[in-house]
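Each remark here refers to the structure printed beneath this line.
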């Protein structure tokens, strides 16, 4: 199933995806948050096992399941929908945790987005760690490279988001969606 009105933000961790997504939401754009942060918050709140340091396989499957749920949940939306990470990103998480990638690859083949993926490269000047993001900048950058290669292998066109101000990035994305 391919949804041409579904766009993906992908790239390095800490590259500014969530900040730009939040600003787009202010403009009335339909946006779907990143599954990793939601799963981490939920699992930690209930002191459950679905966090990478306790059970990376469970954490990854919960993210995949949430990603598929988000895809289905937005299937009837006719305007543009922007996802903070798509199902192909879950392959990169499986690879990061050295898990079997089969289910993640199958899902990425089944649930397709617009062929244009907005790629946020690593940007050291804005990179920060927090209670959920504990990766070094170098590791986050490497993760972004892996994610990009996965999208390319699945036939997506990578559109690198320039290192503009948040407003400039928002305008860049809105212009590119309008021109599709």
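Could you tell me the distance between the Cα centroids of region 102-180 and region 71-96, to the nearest Å? When both Cα centres are located, 12 Å separates them. As a rough footprinting exposure proxy, the listed residues 4, 91, 150, 68 were ranked by other beta carbons within 10 Å of their own, and the order from fewest upward is 4, 68, 150, 91. Remark: 44, 23 ranked as 44, 23, counting other beta-carbon atoms within 10 Å and listing the fewest first.
Using only DSSP helix segments of four residues or longer, with each worth -39500 (n - 2.57), what per-residue ellipticity at 222 nm results for the chain after dividing by its residue count and rounding to 500?
Values: 7 runs with 92 residues, N = 180.
After summing the helix terms and dividing by residue count, I get -16000 deg cm²/dmol.
Hey, fewest Cβ within 10 Å first, where do 37, 85, 148 land in order? Intermediate results must be reported in sequence, preceding the final value.
Details: 37 15, 85 26, 148 20.
Ordered by Cβ neighbours within 10 Å, fewest first: 37, 148, 85.
For region 94-157, just say rounded, prolate or oblate: build the C-alpha gyration tensor, square-root its eigenvalues into a ≥ b ≥ c, call rounded for a/c under 1.5, and beyond that prolate if a/b exceeds b/c, oblate if not. Taking the square roots of the gyration eigenvalues as a ≥ b ≥ c, region 94-157 is oblate. When only C-alpha pairs under 8 Å and at least 6 residues apart count, what is the relative contact order of the chain, in percent? Averaging sequence separation for qualifying contacts and normalising by length gives 35 percent for the chain.
For P(r) over Cα pairs in 10 Å bins from 0, in percent, the value calculated from this model appears in (i) 10, 40, 36, 12, 2, 0; (ii) 9, 29, 27, 16, 11, 6, 2, 0; (iii) 10, 40, 39, 12, 0 under label (iii).
Is the C-alpha gyration tensor of region 62-138 telling us rounded, prolate or oblate? Criteria: a/c under 1.5 is rounded; beyond that, a/b larger than b/c is prolate, otherwise oblate.
Details: a/c = 2.02, a/b = 1.34, b/c = 1.51.
Oblate is the answer for region 62-138, as a/c is 1.5 or above yet b/c matches or exceeds a/b.
Where a number appears in this text, it was derived from the coordinates with a stated rule and is not lab data. Because the structure is a prediction, the values reported are computed rather than measured. Please note: Cβ atoms are built from the backbone with ideal geometry, for glycine as well, and neighbour counts cover all protein chains shown.
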